[in-house]
Amino acid sequence: MITVKGLYKEFGDKGEIKVLKGIDEHIEKGEKIVIIGPSGGGKSTFLRCLNRLEEPTDGQILFKNECITDKKCDINKLRMKMGMVFQHFNLFPHKSVMENLTLAPIKLLKMDKAEAEKQAMELLEMVGLADKANAYPSQLSGGQKQRVAIARALAMKPEVMLFDEPTSALDPELVGEVLSVMKKLADEGMTMVCVTHEMGFAKEVATRVLFMCDGVIAESGTPEEIFTNPQNPRTKQFLQSIL
Amino acid sequence: MNNKKKLITTKRVFLACLLLAAVAFALYVVIAQSLASKTSRELTAEQAQSIVNERLALLPKVQADAAVYLTNNMSVEVKSVTQSDDRSLVLDCDVATYDLYGTVEENLDKYLALAYKIDHERIEKKLPKANSTIIRQNIKDEFNKDFEKAGKVEKSLELKIYEVEENDFQLYLSDEVIDALYGDYKKAVALVKDAQYCTIDGQQVQISNNIPYKNGIVECFTLNNYDSKKPDTSIPAVKWLNSVKNEFIRNFLDKDNGRPRYMYIVDGLKNTILVTLSSLLIGIVIGFIVAVIRVTNDSTGALDFGAWICKLYLSVMRGTPLMIQLLIIYFVFLLPAGVGSIPSAIVCFGLNSGAYVSEIVRGGIMSVDKGQMEAGRSLGFTYMRTMYHIVLPQAFKAVLPSLANEFITLLKETSVAFYIGVADLTLGGLKIRSITYSSFMPLVAIAIVYLILVLGLSKLVELLERRLRKGDNR
C-alpha cells in the first residue's frame, strides 16, 4: 500500500542536519506497523514524510502506486485518505467536538450536514464520547481530546492511519482509553502506522515493529522477534534501557 | 481573581485622577476668568476718549463711519472705556455697555446693528406690514427711545450699509428689501442672500458671492439677537455662570438658517462614523489579505512577487504621514477622477489602516499553534483553506483587542479628513468656531464626543471579546 524508496530528509539551510538517511520500506494493506526507537532517531520525521507534512529531500514514496513525492500529484487529495493523529491532538479550539468532526467531511467530501453529523455521532460512539458532541476541546481531558482527534481523522474515511506518539502527552491513567480505541481500530482491519513508546501496545497489536535509530530502520520484524530476540546491538540497548 | 481586583482598584484610582483633573481644570477656568476681569484697568475720561479716537483712527473707513455716526448723531456720552485685553475694548456709555472689538467684522456688526436697531420682533408686533417711510420713522423712534439722554435725532437716518472704497459709491437698501424685512424677516434674509443685483443710485450693481458687502448685508439682517440689555452687575461668579450659559447658547443652540448650531456636530458625527466604519472594513480586508500573503511567503516561499508588493505597500503607508497620504490620494488621484471627498477619505484611511491591521493580523496568525495548520493539512485542506477555516478565525480572536485599538486610533485619525473638506466631527466644531469666534466650547465639545465614542467602543469590544472567549480556551 505504501512503498518508500531511498528516503532522505535533511534540515537546515545547507542540509547539515541529516535526519533520515535512506529508508526503504513497504507497508501492506491491513498491516499494523509500530515504530519504536530512541528520540532523535527520525521516527516522527519518517511518519510525517508519509503524508508530506515534511517535504522529503530525496527519495520516493508510493501510496497505492501513486508517487506522492511527485510535484504533480495532488497531495491534498491523497491526504484525505491518510488520517493523522498528533501528539498534541491539535483539535480546533474554536469549534465544538461536532464541528471538529464534520468540518472536513462537509467541506472536502461535500457531505451534507445531516449526513456528516450522523457519521460523526457514530464515530463518537465508537470512541465512547457521544455525550461530548457539543463540548468544546477546552472542556475535555487529554485522553478525550485524543479520542476526538482519532474520530476526526476517521471522519474522512481514511485508508491508512498515521499516529505520531498519540499517548506521549497524556497523563498515565488516560493512556489506556486511547490505546483501547486504537486497538478497536486495529481489530477492524485498518492499516496503521504508529510511532509510540507503548511497548505493551506494540506487542499486542503490531503485525510488525520497526526499530529506527540514527535515521535508518535498524531492525524490522514481528513483535516477538524484536522484543524477545533483537539482533541489532542498538535495539538490545534501547530495549534494555526502557524495560 | 486577585489580579482582577487589583485592576479594578487601578481603574478607580485612574478615574479619580481624571475627575480631579477635570475639577482642577474647571477651577482654573473660573480663576483665570475672574483674574482677567480683575486686571482690566479703569481709565480716566481723557484716556478713554483718546483710546476711542485712536481706535477710530485705526478703523477702516467703513467702520469709522458707523462709529462717527454714533458719537456725532446720537451724541452718546462716553463714560469710560475699559481695556480688558489686547483685542477688546468695553465702551461704557450713558445707556448701555458695548463691546468694541478690535477685529474688523465683529466691530462692524455691532455698529451696524446699533445704528439701524433692527429689532424685528418688537417692530413686528407694532407694525406687522409697514412701508419704508414708517420703518424709517420707527427706527428713529427706537433710537430716540434708547438714547433719550442724547436728545432727539434730527437728521434723517440713511440706511447706508457700506461705503465701498475702491469704487467710490454707496450701497443703499431698497424699499422693497426693507418692506420684506419687516413683513417677513426670514424671507428678507433669504432675499438678500440670494440677491444678485442691488440698485445703487438708480443703477443696478451686481453682487457677487465672495465680495464682503453682500455678507455685510446678510449679517446686518441676521443681527436680530443684538443684545441691548443693561450691563450685567451681578457678582463675578454669577456673571461667569451667565457668560458660560450665554456662550453655550450662542455656540450650540442659536440657529443658522433654522438649524441649531449643534447640528453641525451631529452631521459631522455621522460622517466621521461613516468614514471610520467604512475604512476599517477596507482596512481589515486589506490587512487580512496582506498578512496572509506575507505569512504564506514566510512559511512556504510562495508568492514572492506578492510579498514584495506588500512590503512596498507597508513601507509607504507606514513611512509617510497620514495627512500627506490623504492630500495626495485626494488632490493627485481621486479629485481629478471626479471622486468626492468622503469616498477619497474612506479609500485613504482604509489603505492606511490596512497596513497597520496587516501587521497585527500577521502577529495573530503566527501566534496560532503550528499544529493547527498541520492538523488542517493532514485532513486534506489546502494551505489557503486551512488558513481560512482554521487559522484565521483563531488569529482573529487573538488580535481582537489590537484591532479594537486600531479602530479607536482610526476614529481619532479621521479628524484630519477636514483638510480635504470632509464635513466630519472636527469640521463641525471648527464651523461653529468660525461663526461664533469662540474656541473653548466647540473644540471641547468635539473632544468630548470623540472621547465618548472611544469609551463606548472599548466597552463594546470588551463585551464581544468576552463572548468569543466562551467555550474556547486552549
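Miscellaneous remarks
- Any chance residue A:216 is out of contact with any helix residue (DSSP H, G or I) (no Cβ under 7 Å at 6 or more places or on another chain) and touching a residue at least 12 places away in the same chain (Cβ under 8 Å): yes
- Residue B:280 meets each of the listed conditions (1) touching a helix residue (DSSP H, G or I) at 6+ places or on another chain (Cβ under 7 Å); (2) under 16 Å from residue B:383 (Cα atoms) apart from (2).
- Among the residues listed as B:328, B:360, B:390, B:365, the single one being of a type in the set (Val, Ile, Thr) and either farther than 29 Å from residue A:103 by Cα or out of contact with any helix residue (DSSP H, G or I) (no Cβ under 8 Å at 6 or more places or on another chain) (or both): B:328
- Restricting attention to the stretch A:133-181, the residues being of a type in the set (A, V, I, L, M) and either assigned to a loop (DSSP other than H, G, I, E, B) or touching a strand residue (DSSP E or B) at 6+ places or on another chain (Cβ under 7 Å) (or both) number 14.
- Test: residue in the stretch B:397-409 that is more than 10 Å from chain A (Cβ to nearest Cβ), of a type in the set (S, T, N, Q) and out of contact with any helix residue (DSSP H, G or I) (no Cβ under 6 Å at 6 or more places or on another chain): yes
- Selected residue (criterion: nearest to the other protein chains (Cβ to nearest Cβ)) from residues of the stretch B:331-365 that are open to solvent by 70 Å² or more (accessible area, probe 1.4 Å) and not in a helix (DSSP H, G or I): B:337
- A single entry from A:155, A:116, A:130 fulfils the requirement of being more than 14 Å from chain B (Cβ to nearest Cβ) and modelled with pLDDT under 95: A:130.
- Sole residue being in contact (Cβ under 8 Å) with a residue 24 or more places away in the chain, within 28 Å of residue A:10 (Cα to Cα) and aromatic (Phe, Trp, Tyr), chosen from A:201, A:211: A:211
- Residues in the stretch B:405-447 that are without any contact (Cβ under 8 Å) to a residue 60 or more places away in the chain and over 13 Å from the mean Cα position of the chain (by Cα): B:405, B:408, B:409, B:412.
- Scoring residue A:189 on the criteria (1) assigned to a helix (DSSP H, G or I); (2) open to solvent by 30 Å² or more (accessible area, probe 1.4 Å); (3) closer than 30 Å to residue A:231 by Cα leaves a single failure, condition (1).
- Qualifying positions in the stretch B:393-415 - open to solvent by less than 30 Å² (accessible area, probe 1.4 Å) and within 21 Å of residue A:138 (Cα to Cα): B:394, B:395, B:399, B:400
- Within the span defined as the stretch A:90-106, every residue fails to be farther than 19 Å from residue B:390 by Cα, surrounded by fewer than 19 Cβ atoms within 10 Å (Cβ to Cβ) and within 14 Å of chain B (Cβ to nearest Cβ).
- The stretch B:366-474 holds helices (runs of 4 or more DSSP H) entirely within its bounds, and those carrying 2 or more residues that are in contact with a Phe, Trp or Tyr (Cβ under 7 Å, 6 or more places away or on another chain) map to B:370-379, B:392-413, B:425-436, B:440-469.
- Some residue of the stretch B:454-464 being under 10 Å from the mean Cα position of the chain (by Cα), basic (Lys, Arg), away from chain A (no Cβ under 14 Å) and open to solvent by 30 Å² or more (accessible area, probe 1.4 Å): no
- Of the residues making up the stretch B:251-272, just one is open to solvent by 80 Å² or more (accessible area, probe 1.4 Å), part of a helix (DSSP H, G or I) and of a type in the set (D, E, K, R), namely B:270.
- All positions within the stretch A:44-88 that are over 17 Å from residue A:4 (Cβ atoms) and either more than 8 Å from chain B (Cβ to nearest Cβ) or surrounded by fewer than 16 Cβ atoms within 10 Å (Cβ to Cβ) (or both): A:71, A:72, A:74, A:77, A:85, A:87
- Any hit, the stretch A:213-221, residues being closer than 29 Å to residue A:90 by Cβ, open to solvent by less than 20 Å² (accessible area, probe 1.4 Å) and out of contact with any Cys (no Cβ under 6 Å at 6 or more places or on another chain): yes
- Criterion violated by residue A:162 - all others in (1) open to solvent by 50 Å² or more (accessible area, probe 1.4 Å); (2) under 30 Å from residue A:75 (Cα atoms); (3) not basic (Lys, Arg) satisfied: (1)
- Any chance residue B:380 is modelled with pLDDT under 95, within 14 Å of chain A (Cβ to nearest Cβ) and surrounded by 17 or more Cβ atoms within 10 Å (Cβ to Cβ): yes
The values are calculated or read from the model by the stated rules, or taken from the named source; none is laboratory data. Because the structure is a prediction, the values reported are computed rather than measured. Cβ coordinates were reconstructed from backbone atoms using ideal geometry, including for glycine residues, and neighbour counts include every protein chain displayed. SASA here: full protein model, heavy atoms, side chains in, ligands and nucleic acids out. Shrake-Rupley method; radii C 1.70, N 1.55, O 1.52, S 1.80 Å.
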